[in-house]
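Here is the structure we will look at, set down as structure tokens.
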Amino acid sequence: MSGKWSAKPRIAIVGAGNLASALAISLRGAGFEIEQIVSRAQVASSQRARRLAREVGAAALAVARAKIRVEVVWFCVPDGAIASAAASLTGAADWKGKVALHSSGALTSDELAVLRQRGAAVASVHPLMTFVRGSRPPLAGVPFAIEGDQRAARTARAIVLNLRGQPFTIRKKGKEAYHAWGMFASPLLTALLAASERVAVAAGVSRNAARERMLPILKQTLANYARLGAAGSFSGPIARGDVATVRRHLNVLRKVPGARDVYVALACAALRDLPAKNRAALEKLLK
């Protein structure tokens with residue numbers, strides 16, 4: 001980090017949503033001082049900010065009243081609000097020498113250009129993790145993709161290491177593909193599980209029961225993937241080249257709206273990326 005700072009700079013967090021909450025708790029646990037939680041003036045935003053501020057020993061302030069004296073300001077707001085949030089805080093601090101970070105996976109550090117113009121070093125710092133209401137995952141072991149100005153990136157890397165996360169550099173032009181990768185790893189996987197529940201209902205199993213009964217196979221699939229990779233953990237009728245079974249699946253899935261399309265898309269992806277027998281016959285069937 002910058003030589004004029006202590007080992008752990010003071011931090012202000014802009015936003016009080018799921019990511020901001022998990023980040024603030026982890027930062028506090030790692031010994032960082034969270035001085036301010038800055039939020040919009042709306043009642044719901046202010047209430048969330050006050051709750052989070054109490055948890056981490058910070059002050060909760062609306063944007064219009066914020067006076068920022070910390071070394072690091074971390075924006076944890078929706079992608080479309082980053083640039084406007086940064087612009088709204090240009091007068092809240094002397095930005096020379098400060099570091100401003102945001103946590104968008106898809107957008108680059110240029111979203112904070114208005115603060116860069118005022119002397120701040122800026123970077124994007126995105127944890128490859130899912131954050132939902134009711135869950136605050138620990139950040140130890142989580143990869144963080146970092147892109148931006150050298151000084152800000154160096155500061156971000158040091159903070160992530162203090163969180164026991166895994167920082168890595170992402171190129172500016174790679175951010176969109178990086179975020180799409182993350183979509184496959186969690187949100188679209190969740191969409192697949194939701195579709196799986198609908199197929200279970202067609203088999204006479206309730207959604208709640210399906211969720212419980214899928215957990216053992218899901219956990220083993222992830223364990224196999226972690227140990228053996230995608231090719232080594234691929235099983236089932238496509239791997240075996242069982243055309244007749246795949247045909248039966250396609251027929252029954254006509255009764256489950258949308259599920260057949262999901263099945264075909266994933267089956268085609270499997271034929272493209274994974275080991276399979278009777279590939280030509282399966283490709284013909286799936287067209």
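The values are calculated or read from the model by the stated rules, or taken from the named source; none is laboratory data. Predicted model only: the values in this text are computed from it and were never measured. Note that we place each Cβ from the backbone using ideal geometry, even for glycine, and neighbour counts take in every protein chain shown.
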* To do: Look through the stretch 173-187, keep the residues that are buried (at least 16 other Cβ atoms within 10 Å of the Cβ) and within 22 Å of L222 (Cβ to Cβ), and return whichever of them is farthest from the chain's Cα centre (by Cα).
  => Y178
* Structure fact -> The residue from Y178, Y225 that alone is closer than 30 Å to G97 by Cβ and outside the structural domain of G119 (by TED's automatic domain parsing) is Y178
* Return the residue satisfying two criteria in turn: it lies in the stretch 51-100 and is under 19 Å from D149 (Cα atoms) and of a type in the set (V, I, T), and of such residues it is surrounded by the most Cβ atoms within 10 Å (Cβ to Cβ). => V99
* Mind checking which pairs have a first residue in the stretch 101-116 that is in the same structural domain as D149 (by TED's automatic domain parsing) and a second that is in a strand (DSSP E or B) and of a type in the set (S, T, N, Q), Cβ under 8 Å, 6 or more apart or different chains? -> L101/S124; H102/S124; S103/S124; S104/S124; L107/S124; T108/S124; S109/S124; E111/S124
* Asked: Any chance the stretch 207-225 includes a residue that's surrounded by 12 or more Cβ atoms within 10 Å (Cβ to Cβ), out of contact with any Asp or Glu (no Cβ under 7 Å at 6 or more places or on another chain) and outside any helix (DSSP H, G or I)?
  -> no
